[in-house]
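Note sheet for the following structure.
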Amino acid sequence: MTIGAIVLAAGFGRRFGSDKRLAALNGKSVAETTLTAYASVFAHLRVVLRPEDEALAERLATFAEVIFAEQAHFGMGHSLASGIAGVGWNWAFIGLADMPYVQTTTLRRLIQTASTSKRLIVRPHCLPDKTQSAQQPPHGHPIGFHRTLFPELEALTGDQGARDVLKNRLADIQEIPVDDPGVSRDIDQPKDLVV
């Protein structure tokens, strides 16, 4: 069984004030920190960038196959569609480059679950703790999709990502409880870079 991951890194991050993908975190950029974690677990890894991201692509090519989303400026759906195009894996986990706090133990658990799951979607569900803010959703990323759903993902457009696919397939989702707030913790503002 082939299980890979696609990390979406083609967003514009306007609330951050600068390119958050390049912001420093643990001696690397945010994007490199995220890709380092994924590359240590997934044998097959893609990262989706904007066409003008050639310098960033050179930095991330050591971790993953770089895919340029020509229509990334139209939203996450277009980026995801570009990333999933031509994938021959059994499962694809969709992660976000601005979520560098996901634990590698969580990634391994998600892979293990997907390899035996009878459902079509595997999604982490963070167990509540005192450190979580009320705004953090209980479930997060990366979300795994079985290959039978790849055509739906490849047809995505707009800025909602796979939200409609998830909404229309609630019965196909297997929620995996994890003790990892990193599955729902992203970098929106510079203050979010505090470890």
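The values are calculated or read from the model by the stated rules, or taken from the named source; none is laboratory data. Nothing here was measured: the structure is a model prediction, and the numbers come from that model. Cβ sites come from the backbone with ideal geometry, for glycine too, and all protein chains shown count toward neighbours. Calculation scope for accessible area: heavy atoms of the full protein, side chains included, ligands and nucleic acids excluded. Shrake-Rupley method; radii C 1.70, N 1.55, O 1.52, S 1.80 Å.
Which of the numbered conditions does Asp53 fail, given that it passes all the others? Conditions: (1) charged (D, E, K, R); (2) crowded, with 22+ Cβ neighbours inside 10 Å; (3) closer than 13 Å to Leu193 by Cβ.
(3)
Could you tell me whether Ala31 is modelled with pLDDT of 95 or more, over 16 Å from Gly4 (Cβ atoms), among the aliphatic types (A, V, I, L, M) and under 16 Å from the mean Cα position of the chain (by Cα)?
For Ala31, the condition - modelled with pLDDT of 95 or more, over 16 Å from Gly4 (Cβ atoms), among the aliphatic types (A, V, I, L, M) and under 16 Å from the mean Cα position of the chain (by Cα) - is met.
Based on this model, can you work out whether Val66 counts as surrounded by 15 or more Cβ atoms within 10 Å (Cβ to Cβ) and without any contact (Cβ under 8 Å) to a residue 24 or more places away in the chain?
yes
For Ser40, state whether it is in contact (Cβ under 8 Å) with a residue 60 or more places away in the chain and surrounded by fewer than 20 Cβ atoms within 10 Å (Cβ to Cβ).
yes
Inside the range 170-193, can you point out the residues that are open to solvent by 70 Å² or more (accessible area, probe 1.4 Å), part of a loop (DSSP other than H, G, I, E, B) and either under 19 Å from Cys126 (Cα atoms) or of a type in the set (D, E, K, R) (or both)?
Asp179, Arg185
Could you check the range 52-66 and list, in sequence order, the residues that are among the small types (Gly, Ala, Ser) and assigned to a loop (DSSP other than H, G, I, E, B)?
Ala61, Ala64
Within the range 47-62, identify whether any single residue is in contact with a Ser or Thr (Cβ under 9 Å, 6 or more places away or on another chain), more than 17 Å from Leu22 (Cβ to Cβ) and in contact (Cβ under 8 Å) with a residue 12 or more places away in the chain, and answer yes or no.
No; the residues of the range 47-62 include none that is in contact with a Ser or Thr (Cβ under 9 Å, 6 or more places away or on another chain), more than 17 Å from Leu22 (Cβ to Cβ) and in contact (Cβ under 8 Å) with a residue 12 or more places away in the chain.
Quick one: Ala24 ticks every box in (1) without any contact (Cβ under 8 Å) to a residue 40 or more places away in the chain; (2) of a type in the set (A, V, I, L, M); (3) open to solvent by 30 Å² or more (accessible area, probe 1.4 Å) except a single one, so which number is it?
In the conditions (1) without any contact (Cβ under 8 Å) to a residue 40 or more places away in the chain; (2) of a type in the set (A, V, I, L, M); (3) open to solvent by 30 Å² or more (accessible area, probe 1.4 Å), Ala24 misses (1) alone.
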